[in-house]
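Novice: Provided herewith is a single structure, encoded as structure tokens, for subsequent inquiry.
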Amino acid sequence: LMEMMNLERDALLKSQESKQKSAKAIADHKFWKTQPVTKFGDAPLRSTREEGPIEANQPPEKIRQEPYPLPSDFEWVTVDIDDPEQLKEVYDLLSGHYVEDDNATLRFNYSPEFFNWVLRHPGFNKLWHVGVRVKSTGKLIAFISGIPHELRVREQSYHCTEINFLCVHKKLRSKRLAPVLIKEVTRRCNLTGVFQAIYTVGAVLPTPISCARYYHRTINPEKLLEIGFSSVPLGMTKERYFARYTLPEQTQVANLRPMEKKDVAQVGRLMRRYMRRFDMAARFSDDEVEHIMLGGHGHGEVEGKKARQVLWTYVVDNPEKGCITDVFSYYSLPSSVLDSDKHKTLEAAYLFYYATDVPFQSESFSSARPSTSEQSTPSTRFSVPQWQQSPITGLSSSELADEANVTPWDKEDIGVKQRLKARLNELMQDLFVLAKREGFDVVNCLTVMDNPLFLQDQKFGPGDGFLRFYLFNWRVQPIAGGMGSRAGE
Ligand code: MYA
């Protein structure tokens, strides 16, 4: 495993170096060099004690009050995702113009239900859903969004915005619209007291704090071959290739069932404890756990029709222990197939959050600890402006207690790692069975969290894609794979 991780790291560094060189050659980062981010030439931090903000927080009166100027034919809008028409406009823009692979054969095709789920993170601020329209026609031609988030990087936490879905219409590319969108969303975040952000991008910009690689687990080998997404390895017959990815009909893990609302407190406790092991992770209150783990389950309506399910979450409800011992989830993110006559869509499931009590079994941890009535609410949690404050947390004291005295990921002993590896392998195998039943062609994940423990055993293959993690206005030493962050959205 160590060898695999070292190889992976070397490959990542090499690809990062070469992309970095070519990126530098193309542009001198005219925009990024004006922003509070680590620059390529900056001296590395000598210790994690030097980690922290690059620029000080500003009081509201010091922040630009008026929106940044746009070319005269465009105007700013706040996109209201409560309005089905506007939600559809975001969908139309991104389904035609969002991220493609390097060969332009696949393009992410997030569903309206997906936006409706993730953009409504508890405490979300409508002003952070920023659009640009053509004045004369009203057409939406660009978008960027932020959702509130409490992020812990090693021992420090702060409220930040998670920026996602930056998109400019193909016909308006290379006109420096992206920097204006980024500055405008920054201004809107600053005005509400938020001065840090996390974002992930495939490309190398100044400066990644971490890099992960995409891995793919074939579920429907025939379709993946037809699309050209995968190929039969040299020396292997097609039959053997197909047999390699055969799955059982039924799940194997005892007491596995879909997560329900009544599980939120236990799942929250389990997730907070599990994520505390990593160097960087979101800190979720129970309200957020409910949203993140159940919000995409197809409740309510989108565009006047019953919402499709875009998220699947399962728990292991262990009757002997009388509590939930494991949870895993995956979401649907199809890609449009751009160059096939036979297939229009690649149905991809992405591994999302998971947690298990295996690392805590020796301390007889139970997710069923009765929680006090004290709960943080989204309205109080993200409404505390940070212009005068040092990093703060909005977790309640019982939520904070869940994170106490956890052994860090990189210090866990080999016995724990082996038990964890065995358990995660069992859970992933069942995830594939369930994903297959739902009609998925492939399960994707990144080399984050504990994923390297099961990639090989579960027949994941390395992909061409990498995802770089970035922090805005927070200087850090590089963060190794031990990272529990929302990935790949
Ligand atoms: S990642 C997904 C990004 N979207 C896509 O890849 C979809 C397809 N592509 C497009 O729509 C366009 O190509 C985009 C760029 C919009 C990406 N992140 O306008 P330009 C820099 C950051 O002429 P265009 C996601 O959503 C580039 O280095 N910067 O370029 C997370 C150059 O600057 P510099 C990017 O191709 C987004 C400048 O823009 C990206 O027409 C996180 C060129 O501008 C990128 N993905 O449009 C955003 N791509 O000269 C940052 C290019 O300096 C958030 N650039 O090299 C920062 C935190 C903000 C909030 C802070 C709150 C406190």
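Novice: Testing Lys126 on (1) farther than 30 Å from Ala404 by Cβ; (2) in contact with a helix residue (DSSP H, G or I) (Cβ under 7 Å, 6 or more places away or on another chain), one condition comes back false. Which one is that?
Specialist: Of the numbered conditions (1) farther than 30 Å from Ala404 by Cβ; (2) in contact with a helix residue (DSSP H, G or I) (Cβ under 7 Å, 6 or more places away or on another chain), the odd one out for Lys126 is (2).
Novice: Could you tell me whether Val168 is on the phi < 0 side of the Ramachandran plot and within 18 Å of the chain's Cα centre (by Cα)?
Specialist: Taking the combined requirement at face value, the residue does not satisfy it.
Novice: Filter region 52-111 for residues that are within 12 Å of the ligand (Cβ to nearest atom), under 24 Å from the mean Cα position of the chain (by Cα) and not aliphatic (A, V, I, L, M) and give the result.
Specialist: Once the filter is applied, which keeps residues that are within 12 Å of the ligand (Cβ to nearest atom), under 24 Å from the mean Cα position of the chain (by Cα) and not aliphatic (A, V, I, L, M), region 52-111 yields Pro53, Ser95, Gly96, His97, Tyr98, Glu100, Asp101, Asp102, Arg107, Phe108, Tyr110.
Let's see how each residue does on (1) assigned to a strand (DSSP E or B); (2) surrounded by 17 or more Cβ atoms within 10 Å (Cβ to Cβ); (3) of a type outside the set (S, T, N, Q):
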site: Arg64; (1), (2), (3): no, no, yes
site: Tyr68; (1), (2), (3): no, no, yes
site: Ser72; (1), (2), (3): no, no, no
site: Glu75; (1), (2), (3): yes, no, yes
site: Asp80; (1), (2), (3): no, no, yes
site: Gln86; (1), (2), (3): no, yes, no
site: Val90; (1), (2), (3): no, yes, yes
site: Asn103; (1), (2), (3): no, no, no
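Novice: Are any of the residues in region 103-112 without any contact (Cβ under 8 Å) to a residue 40 or more places away in the chain and over 22 Å from Val180 (Cα atoms)? Walk me through how you get there before you give the answer.
Specialist: Narrowing region 103-112 to residues without any contact (Cβ under 8 Å) to a residue 40 or more places away in the chain: 103.
Checking which are over 22 Å from Val180 (Cα atoms) leaves us with 103.
Looking through region 103-112, at least one residue is without any contact (Cβ under 8 Å) to a residue 40 or more places away in the chain and over 22 Å from Val180 (Cα atoms).
Novice: Hey, another quick one. Considering each of Ser136, Ser157 in turn, give the residue that is of a type in the set (Ser, Thr, Tyr), more than 7 Å from the ligand (Cβ to nearest atom) and at pLDDT 95 or above.
Specialist: That would be Ser136, the only listed residue that is of a type in the set (Ser, Thr, Tyr), more than 7 Å from the ligand (Cβ to nearest atom) and at pLDDT 95 or above.
Novice: Residues that are at pLDDT 95 or above and within 16 Å of the ligand (Cβ to nearest atom): list the helices (runs of 4 or more DSSP H) wholly contained in region 169-273 that include at least 3 such residues.
Specialist: 177-191
Novice: Cβ-Cβ below 9 Å, separation at least six or inter-chain, first residue in region 19-40 and among the charged types (D, E, K, R) and loosely packed, with under 15 Cβ neighbours inside 10 Å, second at pLDDT 95 or above and outside any loop (DSSP other than H, G, I, E, B): which pairs?
Specialist: Cβ pairs passing all conditions: Lys30/Pro179; Lys39/Trp32; Lys39/Lys33.
Novice: Would you tally the residues in region 470-489 being at pLDDT 95 or above and either assigned to a strand (DSSP E or B) or acidic (Asp, Glu) (or both)?
Specialist: Qualifying residue count, region 470-489: 4.
Novice: Further question on the same structure: Report every pair of residues separated by at least 6 positions or lying on different chains whose Cβ atoms are under 9 Å apart, first residue within region 403-420 and farther than 16 Å from Leu453 by Cβ, second of a type in the set (A, V, I, L, M, F, W, C) and modelled with pLDDT under 90.
Specialist: Once the first residue is farther than 16 Å from Leu453 by Cβ and sits in region 403-420, its partners that are of a type in the set (A, V, I, L, M, F, W, C) and modelled with pLDDT under 90 give Glu403/Leu395.
For every residue, the table says whether it meets (1) of a type in the set (Val, Ile, Thr); (2) surrounded by 21 or more Cβ atoms within 10 Å (Cβ to Cβ); (3) over 30 Å from Gly228 (Cβ atoms).
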{"position": "Phe114", "(1), (2), (3)": "no, yes, no"}
{"position": "Val118", "(1), (2), (3)": "yes, yes, no"}
{"position": "Phe124", "(1), (2), (3)": "no, no, yes"}
{"position": "Gly131", "(1), (2), (3)": "no, yes, yes"}
{"position": "Ser136", "(1), (2), (3)": "no, no, yes"}
{"position": "Ala142", "(1), (2), (3)": "no, yes, yes"}
{"position": "Lys171", "(1), (2), (3)": "no, no, no"}
{"position": "Gly202", "(1), (2), (3)": "no, no, no"}
{"position": "Cys211", "(1), (2), (3)": "no, yes, no"}
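Novice: Which pairs turn up if I take residues in region 166-181 that are under 14 Å from His29 (Cα atoms) and look for partners that are among the polar types (S, T, N, Q) and at pLDDT 95 or above with beta carbon separation below 9 Å, at least 6 apart in sequence or on another chain?
Specialist: Pro179/Thr34; Pro179/Gln35
The values are calculated or read from the model by the stated rules, or taken from the named source; none is laboratory data. Quick caveat: nothing in here was measured; it's all calculated off a predicted structure. Methodologically, a virtual Cβ is constructed for each residue, glycine included, from the backbone with ideal geometry; neighbour enumeration extends over all protein chains shown.
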